[in-house]
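Visitor: So that we are looking at the same thing, I have put the structure below in structure tokens.
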Amino acid sequence: FFFFFFFQAEDGIRDVERSRGLGDVYKRQVHGFSMLDDHRPMNSNGTGLGLYISLKLAHKMQGRITFASAHLKGSEFTVHLPLEPPGAAVNVSKPNAFPLGPDSAKPKCKCNHILAVDDTEANLVVIKGMLRLIGMECDMARNGLEAVEMARKKKKQRCCSAYRLILMDFHMPGMNGPEATEKIRKIAGESRVVGVTGDNAEDIPEETRNLFETVVSKPLALDKLKEILRSHNLLPG
């Protein structure tokens, strides 16, 4: 089992994970679907993707992962990310801040124009962190039902009555991404919804793909996020 905790450092945020599991980490290149211990018990679950995806995400966010390991005692992984801690002041008056386009001369409201939807807290933290790197903020929903309710509340606001962009996870308990998107379309048809899935985006049925502006595969890289923002006039070209 594992212990997770975050703390603020002078150079950003660090997340330390300590394991009391098998405890051997060999200094070799990490590949997807590769287990670090080939002699694990048969009842040990895992796909061999955890460290691989974490490493990719850290690199995409200009971060890194370090580790220390002791034979049969455990391992400690440290994720170093150059992010501001939650609640830190963000300057949204930069040239690349929203809103853009014909309405940019109007007084800027304080509403968030982006909604990130995912049932995994770590994924929301990563998206929020990447947006902060480019001077933006977002609202967050943990499942489809919560996303629909937030879209409904947004519709009642006197300004910004719809999210300009929604990043929608596919597989969530209670109400999945496609179902939530169908309901949001009826509430706020002007919102642009991008599907974000751990599945192969090319394998998504056409009927489901048509619910979204586009469908992208996880992990969502910073460059891909910027491309999505530019395509919806939320970031200068």
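The values are calculated or read from the model by the stated rules, or taken from the named source; none is laboratory data. Since we're looking at a predicted model, the values are computed, not measured. All Cβ positions, even for glycine, are placed from backbone atoms using ideal geometry, and neighbour counts span all protein chains on display. The area values use the complete protein model at the heavy-atom level, side chains included, leaving out ligands, DNA and RNA. Shrake-Rupley method; radii C 1.70, N 1.55, O 1.52, S 1.80 Å.
Visitor: Among Asn176, Asn200, which is the only one that is touching a residue at least 24 places away in the same chain (Cβ under 8 Å), open to solvent by 40 Å² or more (accessible area, probe 1.4 Å) and among the polar types (S, T, N, Q)?
Guide: Asn176
Visitor: If we scan the range 179-197, do we find a residue that is assigned to a loop (DSSP other than H, G, I, E, B), under 24 Å from Lys154 (Cα atoms), modelled with pLDDT under 95 and touching a Gly at 6+ places or on another chain (Cβ under 7 Å)?
Guide: no
Visitor: Select from the range 155-173 the residues that are open to solvent by 40 Å² or more (accessible area, probe 1.4 Å) and in contact (Cβ under 8 Å) with a residue 60 or more places away in the chain and list them in ascending order.
Guide: Arg164
Visitor: I'm trying to understand the selection: among the residues of the range 205-237, which are open to solvent by 20 Å² or more (accessible area, probe 1.4 Å), touching a strand residue (DSSP E or B) at 6+ places or on another chain (Cβ under 8 Å) and in a loop (DSSP other than H, G, I, E, B)?
Guide: Leu211, Glu213, Lys218, His232
Visitor: Could you please tell me which pairs satisfy a Cβ distance under 8 Å, a separation of 6+ or placement on different chains, a first residue in the range 204-227 that is more than 16 Å from Asp118 (Cα to Cα), and a second residue that is open to solvent by 50 Å² or more (accessible area, probe 1.4 Å) and in a strand (DSSP E or B)?
Guide: Short answer, once both residue conditions are applied: Glu213/Arg192.
Visitor: Next question. Could you tell me whether the range 142-152 includes any residue that is part of a helix (DSSP H, G or I), of a type in the set (D, E, K, R) and touching a helix residue (DSSP H, G or I) at 6+ places or on another chain (Cβ under 6 Å)?
Guide: Within the range 142-152 (the criterion being part of a helix (DSSP H, G or I), of a type in the set (D, E, K, R) and touching a helix residue (DSSP H, G or I) at 6+ places or on another chain (Cβ under 6 Å)), the answer is yes, since at least one residue qualifies.
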